Amino acid sequence: MTIDTFANEMMAGFSHLNIVDLLVAREQYHVFLTKHPNVVATAIGRYLIRNEGVDENAVRTLANSHVDPEKSWPCVLVFVDQWQSEQELVGSKSPGAVVPKTLYLPDGRAVPVCIVQARRDLEPADAPRRSEIMYPKSVIAGGFPLEVSVQGRDHVATVGCLVTDGSKYYGLTNRHVCGEEGRVIYARLGGDLVEVGTAASRELQLSKIAFADMYPGWPGQHLFVNADVGLVDIDDINCWKTDIFRVGEVGPIADLNANNLALSVIGTKVRGFGAGSGPINGQVSALFYRYRSMGGIEYVSDFLIGPNGSETAVVRHGDSGAVLSLDLTGGLRPFAINWGVHEFVVGSERTSMGFALATGLGNVCRLLDVDLVRGWNVDQPYTWGKTGHFKIGFRAADLVSNAKLAAFMTANQPSLGISNEQLTSEDGVNGKFTHDFVPLADVADIIWRTTRPDDESNHFSDIDESDAAVFQGKTLLELSLQDDANIDVDVWLDFDRQMDAAKPVSKTDRNGEDVPRPREGALPFRVWQMYKQMISSLRNGAVNEFLTAGGTMAHYVGDACQPLHISFLHHGANPSEAAVHSDYETTMIDRKAAELFEGVDNINTKVAVRELIGPNGKDAARFVLQLMKSTVDLLPPEEVLEVWRKSKGRGKFDHMWDELGDRTIQTIAAGSHAMAVLWQSAWMHGKGDELPESALVKIPESKLQELYSTKSFVPSFRLSNPADYKSVL
C-alpha cells in the first residue's frame, strides 16, 4: 500500500470528525500532551502532508508540509520545538515521553495527532521598518498606520476598518494600541502627524473572553480567547474611507461562529494590508491555537494564519489591528482582526516565518454591538436615525383633534414611538434588531430590514432626478403632481427604467462586486397600501390592525419629510460624500435631540377638518408627495450637501445645526402633523367614532408584535415586482 492510498483511506476513516470532536479530544488530553518533552502549543485543524520531494520520514515542519484538500484528515495539531524520533525519546527518557499518534474520544472514536516542529523565535527578525510604511495623503483607509505615544515611546499599529453603533463611527484596531480611555490617536496625513481620534471607553474594548462566551456550547473549561480589540472614537469621519488599501472594497462579514464554523475553512486563502508588512497574503492554517498557559488558565487565538505556499512571513509587528478577509470565489469577506504574530524558525539560518494570530470579526462585532461600515449605499441603504422616527411616531398622537381618536392614541402612544425623556436619557435607545417589542414607528428599520429585505425600496423616492431624454426632462414629483394618472406603479417603473438607461448607477453586492443598482423608490405607494389597510381594518373592528398599520406607516411618512431620503443626492454627489446621509439625518439629530424636540413641540398645530384627505389610497399617496415637495422646497438637498461640505472638524455638527437646525425642526414637525392627518382621515373613513368605548383601550404589545412579525400583514414588495405591488393597492 502506498502512502497516498493509506492517506486516502485514513481520510475517509476520520472524515466524520468535526470541530467539537477535536475540541473535546484536545480538552481531554491537553494537560497530558503539554507534559511531554518539547511540546509548546496545540491547535485543531487538518493533517499536514509533506510536500512533494520531502522524505516521508523527514521532520515535519510548517515550511515543508501543507494541507491537502483530499488527503488531510481532521486532527489535533501538536507543535514541538525539537523533533525527536521514538527511539531517541524512549532511549533518553521513557516510553511515556512519546506523543501518541491517536487520541480517543469518550465514545471510543479515534482522533489523529499531527506533530509539527515549530520552534518559536523570541527575537523577531522582521521588525517594522518605518521607511517602508505607507502613509495616506488625505484620507485614512483600512490598512493604514495609526500612531500612539506611550511612556516616551512611539508605537505604530494598523487600523482595520470602520464600524458603527448606529450613532457614531469608530476605527477598529487593537486594544493594546488604544490603551486607556481618552488616549490620543494620531495618523500621518500628507506627511503631517495629526490627531484623528481618541481611545473609546473600556465598554468598547475587548481583552480576554471566556471561550464559552465566544463559542456557546463548545468545550473549553478554563479556556480564554485573546480578542485584543479596541475602538478609536473618530474626530472627523470625512477623513476616513471604508475600503482597505490595495485590497479594495470588501463584502459583508464572514460571520464564523459556533453555529457555522467548520474545518473546511482551513486552507482558505486570506488577504489583507498591514502597516508593517504592506500586502498580507496567507491561508488559514489552524483553529484555536493554544499558545499560552498561566495560573491554570489557557489562552487561544481563534485563527492561526500561515504562509500561502511560501516561507515568507505573513505578518510583522506593526500589522496589529489589520482586518483579514477570506478570498472566496464571490469576493473578499472580512472574517478576522489580527492582534499578534508568532514567529517560527525555519532552517539553520533562522529565517523567520511570521504567523498571524487573529480573532473572529463576527464575534467581535456581536460583543461590541457594532456593525461593519462598508461602501456607498451598502448595508445601510436609505435609512436615517431612530431618534427622528420615534419622535414623529410619538408626536403625531398629540396632534389629532378627534376626541375618541385622541383618547385611543394617548392610551397607545408608548407603542407608537418614544418620549423625549427616553430618547434623551443616558441609557439611550437601542436601534438594533431585537426579538423584543419595538415601538411601531421604527419597525420598518429595526425589524423589517432584517426580516423583509424587499421592504428596502419603500423607504425612499428620488423625486428630484431628471434627464432631458426621460419624460420631457420632468422629475417624478413634477409628473405626479401635475396629473394624478402619473401616481401609478407602471408610470414610476417606466420612469426608473428609462433613467437607469440614461444615467446608470451601481452598487456593491453581497459578493463584493459592482453591479447595476436599479432605481425603484416606492415610498408613496407604501403609504397608499398602508392607509388603505388602516381604513379596511377599522371598518372590520380590528383596532389592533388599524394601530399596527398606522404605527408602522409613520416610518415612511417620517422618511418623506427628510430631504436626503427623497433625493438622488441621498448619499452625496459621488461616493466620497456618502457620509452626508448619516451625518445629517442621524448624528446631527442625535446630538441636537434636546433642541430638536423643544422646537418640534413648540409647533403645536392640531389637525383641522379641512385638512382631512379622501378615502382612497391614491389620496394618501398624493398627500405624502405634497409633503415631499414642501420638504425639498424648505430644505433643498443641494443646500444640505453644501453645508455638510463646508462643515469640518470638531465643530462640524454645531455648524450644520446652525445652518440647518431651524428648518430641520420644521420638516420633522411637518412630518408629525402629516401623520396625524393620515391617522384622523383613516379614522373618519373607517368610522372609528362608531366603535364602542371598550374597544378603544391600550392594546397589548404582544398583539402588535405578533401582527408586525406576520409577513402577510401589510406585506412588503419591491416596485420592480409591479404585479405584486398593484395587488395590494
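The values are calculated or read from the model by the stated rules, or taken from the named source; none is laboratory data. It should be emphasised that the depicted structure is a prediction, and the values quoted were computed from it without experimental measurement. Using ideal geometry, Cβ is built from the backbone for each residue, glycine included, and neighbour counts are taken over all protein chains shown.
Need a quick list: strands (runs of 3 or more DSSP E) entirely within the stretch 1-110 having at least 2 residues that are surrounded by fewer than 16 Cβ atoms within 10 Å (Cβ to Cβ) and at pLDDT 85 or above.
Details: elements: 39-46, 48-50, 65-67, 74-80, 102-104.
Result: 102-104.
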Inset, instruction - Considering every residue within the stretch 210-227, establish whether at least one is surrounded by fewer than 21 Cβ atoms within 10 Å (Cβ to Cβ), farther than 24 Å from Asp243 by Cβ and within 19 Å of the chain's Cα centre (by Cα). - result: no
Legend entry - Top-ranked residue in the stretch 415-448 [being within 18 Å of the chain's Cα centre (by Cα) and buried (at least 18 other Cβ atoms within 10 Å of the Cβ); ranked as modelled with the highest pLDDT]: Ala444
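Out of the residues in the stretch 138-167 that are in contact with a Cys (Cβ under 7 Å, 6 or more places away or on another chain) and assigned to a strand (DSSP E or B), state the one that is surrounded by the fewest Cβ atoms within 10 Å (Cβ to Cβ).
Val163
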Legend entry - Top-ranked residue of the stretch 472-497 - restricted to ones that are in contact with a helix residue (DSSP H, G or I) (Cβ under 7 Å, 6 or more places away or on another chain) and more than 16 Å from Leu625 (Cβ to Cβ), ranked as surrounded by the fewest Cβ atoms within 10 Å (Cβ to Cβ): Asp490
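Which one of these is closer than 21 Å to Ile337 by Cα, over 23 Å from the mean Cα position of the chain (by Cα) and of a type in the set (A, V, I, L, M): Ala199, Ala187, Ala258, Ala254?
Just one listed residue meets the conditions, Ala187.
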Legend entry - Residue within the stretch 663-672 that is over 21 Å from Met530 (Cβ atoms) and assigned to a loop (DSSP other than H, G, I, E, B) present: no
Inset, instruction - Answer yes or no: is there a residue in the stretch 660-673 that is more than 19 Å from Ala554 (Cβ to Cβ), more than 31 Å from the chain's Cα centre (by Cα) and modelled with pLDDT of 95 or more. - result: yes
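One line per residue, one yes/no per condition, for (1) crowded, with 22+ Cβ neighbours inside 10 Å; (2) assigned to a loop (DSSP other than H, G, I, E, B):
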| position | (1), (2) |
| --- | --- |
| Ala676 | yes, no |
| Lys703 | no, no |
| Ser712 | no, yes |
| Pro715 | no, yes |
Inset, instruction - Kindly list, by first and then second residue, each pair from a residue in the stretch 31-54 that is free of Cβ contacts under 8 Å to residues at least 24 places away in the same chain to a residue that is surrounded by 15 or more Cβ atoms within 10 Å (Cβ to Cβ) and charged (D, E, K, R), limited to pairs with Cβ atoms under 8 Å and residues at least 6 apart or on different chains. - result: Arg50/Arg60
Legend entry - First in the stretch 248-269 and surrounded by fewer than 21 Cβ atoms within 10 Å (Cβ to Cβ), second anywhere and aromatic (Phe, Trp, Tyr) and assigned to a loop (DSSP other than H, G, I, E, B), Cβ under 6 Å, 6 or more apart: Ala258/Tyr215; Ala258/Trp218
Legend entry - Count of residues meeting criterion [in contact (Cβ under 8 Å) with a residue 12 or more places away in the chain, farther than 21 Å from Ala554 by Cα and not hydroxyl-bearing (Ser, Thr, Tyr)] in the stretch 432-476: 7
Legend entry - Test set (1) at pLDDT below 90; (2) assigned to a strand (DSSP E or B) - Gly276 fails condition number: (2)
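For the stretch 170-212, how many residues are in a helix (DSSP H, G or I) and without any contact (Cβ under 8 Å) to a residue 24 or more places away in the chain? Lay out the reasoning, then the answer.
Let us first name the residues in the stretch 170-212 that are in a helix (DSSP H, G or I), namely 175-178, 202-204, 211-212.
Checking the rest, the ones that are also without any contact (Cβ under 8 Å) to a residue 24 or more places away in the chain come to 202-203, 212.
So the answer is 3.
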Inset, instruction - Confirm whether Leu612 is assigned by TED's automatic domain parsing to the domain that holds Lys404, more than 25 Å from Ala579 (Cβ to Cβ) and either under 34 Å from the mean Cα position of the chain (by Cα) or not hydrophobic (A, V, I, L, M, F, W, C) (or both). - result: no
Legend entry - Meets criteria (outside any helix (DSSP H, G or I), of a type outside the set (Ser, Thr, Tyr) and over 28 Å from the mean Cα position of the chain (by Cα)) for Val728: yes
Inset, instruction - Give the stretch 388-414 a look and list any residue that's over 16 Å from His673 (Cβ atoms), touching a Phe, Trp or Tyr at 6+ places or on another chain (Cβ under 9 Å) and crowded, with 24+ Cβ neighbours inside 10 Å, or say none. - result: Phe408
Legend entry - Single residue of Ala227, Ala212, Ala187, Ala199 found to be outside the structural domain of Glu27 (by TED's automatic domain parsing), within 30 Å of Pro106 (Cα to Cα) and of a type in the set (A, V, I, L, M): Ala212
Inset, instruction - Would you tally the residues in the stretch 449-495 being out of contact with any Gly (no Cβ under 8 Å at 6 or more places or on another chain), under 26 Å from Val714 (Cα atoms) and of a type in the set (Asp, Glu)? - result: 7
Inset, instruction - All but one of (1) part of a loop (DSSP other than H, G, I, E, B); (2) surrounded by fewer than 17 Cβ atoms within 10 Å (Cβ to Cβ) hold for Asp633, so report the exception by its number. - result: (1)
Legend entry - Residue, nearest to Tyr291 (Cα to Cα), within the stretch 325-355, restricted to residues that are crowded, with 24+ Cβ neighbours inside 10 Å and at pLDDT 90 or above: Trp339
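Identify the residue in the stretch 452-473 that is small (Gly, Ala, Ser) and at negative phi and, among all such residues, is nearest to the chain's Cα centre (by Cα). Spell out how you get there, then give the answer.
Here is the first cut: in the stretch 452-473, the residues small (Gly, Ala, Ser) are 457, 461, 466, 468-469, 473.
Checking the rest, the ones that are also at negative phi come to 457, 461, 466, 468-469.
Details: Ser457: 20, Ser461: 24, Ser466: 33, Ala468: 39, Ala469: 39 Å.
Of everything passing the filter in the stretch 452-473, Ser457 is nearest to the chain's Cα centre (by Cα).
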Inset, instruction - Search the stretch 160-201 for residues being modelled with pLDDT under 80 and not charged (D, E, K, R), and hand back the single one that is nearest to Leu332 (Cα to Cα). - result: Gly166
Legend entry - Any pair with Cβ under 7 angstrom, 6 or more apart, that starts in the stretch 393-419 at a residue that is under 23 Å from Phe437 (Cα atoms) and free of Cβ contacts under 8 Å to residues at least 60 places away in the same chain and ends at one that is of a type in the set (Gly, Ala, Ser) and surrounded by fewer than 19 Cβ atoms within 10 Å (Cβ to Cβ): Phe394/Ser419
Inset, instruction - For the stretch 636-644, state whether one or more residues are within 24 Å of Trp492 (Cα to Cα) and part of a helix (DSSP H, G or I). - result: yes
Legend entry - Count of residues meeting criterion [touching a Pro at 6+ places or on another chain (Cβ under 8 Å) and modelled with pLDDT of 85 or more] in the stretch 137-159: 4
